[in-house]
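All of the numbers you see were taken from the coordinates with simple rules; none came from a lab. Computed from a predicted model, the values in this text were never measured in an experiment. A quick note on method: Cβ atoms are made from the backbone with ideal geometry, for glycine too, and the neighbour counts reach across all protein chains shown.
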Amino acid sequence: MNKSFFLTGTDTDVGKTFVACALLQAWRANGLRAVGYKPIAAGAESIGDDGGALCNEDALRLQAASAAGFSIARINPLCLPEAIAPHIAAERASITIDMHTLVAGFESLRAETERVVVEGAGGFLVPLDDDADMSTLARQLGLPVILVVGLRLGCLNHALLTAQCIAACGLPFAGWIGNVLDANMPCLEENVSSLRQRLIAPCLGIVPRLASSADAVSYLQPALASLDY
Ligand SMILES: Nc1ncnc2c1ncn2[C@@H]1O[C@H](COP(=O)(O)OP(=O)(O)OP(=O)(O)O)[C@@H](O)[C@H]1O
Ligand SMILES: [Mg+2]
């Protein structure tokens, strides 16, 4: 049976891809066929020294952590060239974001796997066009949401606002993962306690600064069993 999740964050650069890769590695270590999905990426680089195909770095990282056999085009169907807000990047590239294509891309991955982790771009309300934002896509996918809280000053407000948004969307809030961005953050433990107290969803792990996402697996592993959707 497939259990998939929409992974959002309190901001851009808070460790969504880092945590997504750790989740994929944890699931795969448990024998599950798991794949990452980055429906919309903003920011493309050419792969290799020869100016090869343009590709998003998150998509490459997710592919490396996923089960074999999934192309970058399937993992990241929409790669906008500029590393800026997606709706602006799309407008500047004269691209219309087609939700149906993005949902269909997810469904095809879901049909072939036991776990898909969908990584949003930026935070939960990042605009995609005049009407839709990232939460619209999460709603269309109908997935439980996991929130990566980038642990630094200001994270309480961002985490609580995002939790309200997830609830307002009517999506299940499956859990949150604290990712230490600033190892010297004053009162880190007290902040984590406040999050545990105020967020209704379970804490699935607190990830310290680490050399690689593979090292984060042991910080998440014990809580993954509680992700029973
Ligand atoms: N716990 C950690 N320990 C060490 N490095 C980390 C940790 N979490 C994240 N990083 C590093 O911080 C950077 C930002 O993390 P990441 O790319 O996962 O953020 P993101 O939320 O996915 O960003 P985006 O919004 O661009 O998708 C990356 O270089 C990543 O390897
Ligand atoms: Mg990312």
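What pairs come out if I take residues in the range 12-30 that are outside any loop (DSSP other than H, G, I, E, B) and pair them with residues that are among the hydroxyl-bearing types (Ser, Thr, Tyr) whose C-beta lies under 7 Å away, six or more apart or interchain?
Phe18/Ser213; Cys21/Ser213; Ala22/Ser213; Leu24/Ser66; Gln25/Ser213
So if I check each of Val149, Val180, Val192, which one is surrounded by 15 or more Cβ atoms within 10 Å (Cβ to Cβ), over 19 Å from Leu62 (Cβ atoms), touching a Lys or Arg at 6+ places or on another chain (Cβ under 9 Å) and among the β-branched types (Val, Ile, Thr)? Lay out the reasoning, then the answer.
Numbers: Val149 fails: touching a Lys or Arg at 6+ places or on another chain (Cβ under 9 Å); Val192 fails: touching a Lys or Arg at 6+ places or on another chain (Cβ under 9 Å).
Being surrounded by 15 or more Cβ atoms within 10 Å (Cβ to Cβ), over 19 Å from Leu62 (Cβ atoms), touching a Lys or Arg at 6+ places or on another chain (Cβ under 9 Å) and among the β-branched types (Val, Ile, Thr) holds for just one of Val149, Val180, Val192, which is Val180.
Can you pull out the helices (runs of 4 or more DSSP H) entirely within the range 121-229 that have at least 2 residues that are among the charged types (D, E, K, R)? Give the derivation first.
Numbers: elements: 134-141, 155-169, 188-198, 217-224.
Output list reads 188-198.
Among the numbered criteria (1) within 15 Å of ligand 1 (Cβ to nearest atom); (2) within 23 Å of Ala138 (Cβ to Cβ), which one does Ala73 miss?
Evaluating Ala73 over (1) within 15 Å of ligand 1 (Cβ to nearest atom); (2) within 23 Å of Ala138 (Cβ to Cβ) leaves (1) as the failure.
Taking Phe124 and the conditions (1) within 13 Å of ligand 1 (Cβ to nearest atom); (2) over 25 Å from Ala67 (Cβ atoms); (3) surrounded by fewer than 22 Cβ atoms within 10 Å (Cβ to Cβ), which numbered condition does it fall short on, given that it satisfies the others?
Single failed check for Phe124: (3).
Those residues that are touching an Asp or Glu at 6+ places or on another chain (Cβ under 9 Å) and surrounded by 23 or more Cβ atoms within 10 Å (Cβ to Cβ), I need them from the range 20-33; list them, please.
Scanning the range 20-33 gives Ala20, Ala22, Trp27.
Given (1) within 16 Å of ligand 2 (Cβ to nearest atom); (2) more than 12 Å from the chain's Cα centre (by Cα); (3) surrounded by 15 or more Cβ atoms within 10 Å (Cβ to Cβ), identify the lone condition not met by Lys3.
With respect to (1) within 16 Å of ligand 2 (Cβ to nearest atom); (2) more than 12 Å from the chain's Cα centre (by Cα); (3) surrounded by 15 or more Cβ atoms within 10 Å (Cβ to Cβ), Lys3 is out only on (1).
Being within 18 Å of Gly175 (Cβ to Cβ) and either within 10 Å of ligand 2 (Cβ to nearest atom) or under 9 Å from the mean Cα position of the chain (by Cα) (or both) is the filter here, so list the residues in the range 8-35 that pass it.
Of everything in the range 8-35, those that are within 18 Å of Gly175 (Cβ to Cβ) and either within 10 Å of ligand 2 (Cβ to nearest atom) or under 9 Å from the mean Cα position of the chain (by Cα) (or both) turn out to be Thr8, Gly9, Val14, Gly15, Lys16, Thr17, Phe18, Val19, Ala20, Cys21.
Does at least one position in the range 36-45 carry a residue that is within 16 Å of ligand 1 (Cβ to nearest atom) and assigned to a helix (DSSP H, G or I)? Spell out how you get there, then give the answer.
Step one: list which residues in the range 36-45 are within 16 Å of ligand 1 (Cβ to nearest atom), which gives 36-45.
Subsequent filtering for residues that are assigned to a helix (DSSP H, G or I) retains none.
The answer is no, given that none of the residues of the range 36-45 is within 16 Å of ligand 1 (Cβ to nearest atom) and assigned to a helix (DSSP H, G or I).
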